[in-house]
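Okay, handing you the structure first.
Only the coordinates and a few stated rules stand behind these numbers; no lab work does. These figures come from a predicted structure and were not determined experimentally. With ideal geometry, Cβ positions are generated from the backbone for all residues, glycine too; neighbour counts draw on all protein chains shown.
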């Protein structure tokens, strides 16, 4: 009986391994690692250095950038798509926290050819709920309840040289906007999250392969195309200025690009 049980166990183990091998052969998979880079005019961002000039002629510096991307979707060349959401569907990036610059995607990704990558900049209305983050740094991204709640999409903080040649701070913050009545009272909210389609993001993933993909933020594009963004016009704080946030979000369509092993 003892030997019979051992033989039965070995047979079951062999069958299990064979099924797993057949499954792997039928559905080959690989892995993806995203790396987040931040550049101005094609060069790596230098923090706290008044060396940049935007399209409106504003001399500026950047102190820090913090933002969320979510619902990253891989679009198969033959049709169909894969949403990355098995372990997490929202990723936080912070220029001050190097560990956030890499996202080792937990999901096993189907091997094959992909036409492009897309994602939501910020957090969608359906998911942007107050108090879902209880620990920093994500919890520090809260958006005030009276302004719509949930979380910032982005904090891009810096300083610019104003028209009087004085240095002023700017908080280029994006999140939920407000609709105001004639008396300035909030009557509704606008969800400013938007889809980003990464240009040149086609790739092929082989079975068992891990591919590194760089997602590059071109900071200067927040301030140009299609809208010329002038800090002297919009001022330093735009959280309660839906018009300014709308202009900025319209510029977000080509802020990001992709690189492979840059």
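In nanometres, what is the gap between the two model label sites at residue 110 and residue 186, each 7 Å from Cα along Cα-to-Cβ?
Once both label points are built, they end up 4.2 nm from each other.
Can you compute the FRET efficiency between residue 146 and residue 195 using 1/(1 + (r/R0)^6), with r the Cβ-Cβ distance and R0 = 30 Å? Round to the nearest 0.05.
The formula returns an efficiency of 0.60 here.
What is the angle, in °, between the Cα long axis of helix 2-26 and the longest principal axis of the Cα atoms in the chain? Nearest 10 is fine, range 0 to 90.
With rounding to tens, the tilt is 40 degrees.
Hey, another quick one. Computed over the Cα atoms of the range 68-134, what is the convex hull's projected area averaged over all directions, in nm²?
5.6 nm²
Something else now. Calculate, in nm to one decimal, what residue 99 and residue 233 gain on full extension: separation in residues at 0.36 nm each, minus their alpha carbon distance. Please list the in-between numbers first.
Values: separation 134, 0.36 × 134 = 48.24 nm, distance 3.58 nm.
Full-extension gain reported as 44.7 nm.
So between residue 49 and residue 118, what do we pick up on full extension, going 0.36 nm a residue minus the alpha carbon distance?
21.7 nm
Using just the Cα positions, wrap the range 221-261 in a convex hull and report its mean projected area in square nanometres, one decimal place.
On the way: hull surface 14.1 nm².
Average projection, Cα convex hull of the range 221-261: 3.5 nm².
Can you give the relative contact order of the range 30-259 as a percent, counting alpha carbon pairs under 8 Å and 6+ residues apart?
Relative contact order of the range 30-259: 26 percent.
Per 5 Å bin, what is the whole-percent P(r) computed from every C-alpha pair distance within the range 26-137?
P(r) for the range 26-137, in whole percents per bin: 2, 9, 16, 18, 16, 14, 12, 8, 3, 1, 0, 0.
Right, here's the next one. What FRET efficiency comes out for residue 63 versus residue 210 if R0 is 41 angstrom and r is the Cβ-Cβ distance? Round to the nearest 0.05.
Efficiency, from the Cβ-Cβ distance: 0.75.
Using 0.36 nm per residue of separation minus the Cα-Cα distance, give me the extension gain between residue 254 and residue 85 in nm, one decimal.
Numbers: separation 169, 0.36 × 169 = 60.84 nm, distance 2.42 nm.
Between residue 254 and residue 85, full extension yields an extra 58.4 nm.
Report P(r) for the range 68-197: all Cα-Cα distances, bin width 10 Å, range 0 to the bin holding the largest distance, values in whole percent.
Values per bin, smallest distances first: 11, 32, 31, 19, 6, 1.
Here is a follow-up. Peptides 41-52, 217-228: what's the order by average Cβ count within 10 Å, highest mean first?
217-228, 41-52
Could you tell me how many degrees, from 0 to 90 and to the nearest 10, lie between the Cα long axis of helix 242-251 and the main elongation axis, the longest principal axis, of the Cα atoms of the chain?
Taking the Cα atoms of the chain, the angle to 242-251 is about 50 degrees.
Name the most mobile residue of 201, 118, 139, meaning the one with the largest mean-square fluctuation, in a Gaussian network model of the chain with Cα contacts below 10 Å.
The residue that fluctuates most here is 139.
Using a ≥ b ≥ c from the Cα gyration tensor of the range 146-191 (square roots of the eigenvalues), is it rounded, prolate or oblate, where a/c under 1.5 gives rounded and otherwise the larger of a/b and b/c decides, a/b for prolate?
oblate
Would you look at the GNM of the chain, springs on alpha carbons closer than 10 Å, and say which of 167, 213, 123 moves the most?
167
Can I ask one more? Given the convex hull of the Cα atoms of the chain, what is a quarter of its surface area in nm²?
Here the figure is 19.0 nm², rounded to one decimal.
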